[in-house]
Every structure is written in structure tokens, then in C-alpha cells.
Amino acid sequence: MSRSINMLAAMTATAEAMGDLTATNAATRTLVVPGLAIGFAAATAVAQDTTPAALHTSATTHGFVNERDITVSHTNHLSIDFPFGPTPVSLDVSMTFISTHGGSNFLSDYSLSGLAGPSTHGLF
């Protein structure tokens with residue numbers, strides 16, 4: 001018997017930087033198969049300026065998966081500011097990983113009997 005389970009994974013990542021020299025990067029990835037949804041998001045923002053008052057960095061990540069039998073989620077955020085010296089620097093990094101599985105076994109939905117030899121016939 002096979003049943004259809006709708007899985008969903010949605011990820012967001014944003015990075016903002018303000019200063020004389022700036023760099024930002026944001027990326028998301030998702031994988032959804034029957035019974036399994038995985039999402040990953042990462043964002044980095046770095047800024048360098050001649051005055052500490054003009055510096056601003058922000059990196060945020062969020063994730064969502066529809067909850068099944070087992071759901072795992074982990075988010076890390078790191079913010080470092082070096083306000084001293086001739087060129088102050090600010091850095092923000094954020095990463096989110098989330099996954100869920102259950103409600104369907106995607107391997108049991110496929111027949112493996114044609115893949116095995118006669119010695120293992122009946123095991124699958």
C-alpha cells in the first residue's frame with residue numbers, strides 16, 4: 001500500500017552591509033522527496049569603514065519544514081565587531097539547518113524484486 005505525503009521545505013537568507021567597503025552573500029538549498037525534507041540557509045555580511053559609527057552588518061536565516069515524525073533544526077549566528085584602529089570592521093554570519101522525515105518510507109514505495117538475484121527472492 002502506498003500513500004502520498006506532502007513534504008515542504010522553505011528557506012530564506014538575507015545579508016546587508018553598510019560601509020566604505022562591503023561584501024554580502026546569501027544562499028539557500030532544499031531537498032524534498034517522499035517522506036523527507038531538508039533545508040539549509042547561509043548568509044554573510046562584512047563591512048569596513050573609516051568611522052565606527054557608519055558601520056552596519058546584518059545576516060539572518062530562517063527555515064520551515066512541515067512537521068512529521070522527527071524534526072531537527074539548528075541555527076547559528078555570529079556577530080563580530082572590531083571598532084578600533086584606522087579601519088573598523090563588522091562581520092555577521094548566520095546559518096540554519098532543518099530537516100524532517102516520517103509519514104512515508106520512500107524506499108517501500110518501489111519494488112526491489114527485479115533488482116535482486118534468485119537467492120534473495122522473497123526477502124523484498
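So the values come out like this:
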quantity: Cβ-Cβ under 9 Å pairs, at least 6 apart or on other chains, segment 40-58 side surrounded by fewer than 17 Cβ atoms within 10 Å (Cβ to Cβ), far side hydroxyl-bearing (S, T, Y) and in a loop (DSSP other than H, G, I, E, B); calculated: T50/T87
quantity: Flag for A9 being over 12 Å from S90 (Cβ atoms) and modelled with pLDDT of 95 or more; calculated: no
quantity: Residues of segment 83-112 satisfying the condition of being at pLDDT 90 or above and among the hydrophobic types (A, V, I, L, M, F, W, C); calculated: V89, L91, V93, M95, F97, I98
quantity: Members of segment 1-39 found to be of a type in the set (A, V, I, L, M) and buried (at least 18 other Cβ atoms within 10 Å of the Cβ), listed by number; calculated: M7, A9, M11, A13, A15, A17, A26, L36, A37, I38
quantity: The lone exception for G63 - which of (1) at pLDDT 55 or above; (2) on the phi < 0 side of the Ramachandran plot; (3) loosely packed, with under 14 Cβ neighbours inside 10 Å it fails; calculated: (3)
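The values are calculated or read from the model by the stated rules, or taken from the named source; none is laboratory data. Just so we're clear, the structure is a prediction, and the values are computed from it rather than from any experiment. Note: ideal-geometry Cβ built from the backbone for every residue, glycine included; neighbour counts use all protein chains shown.
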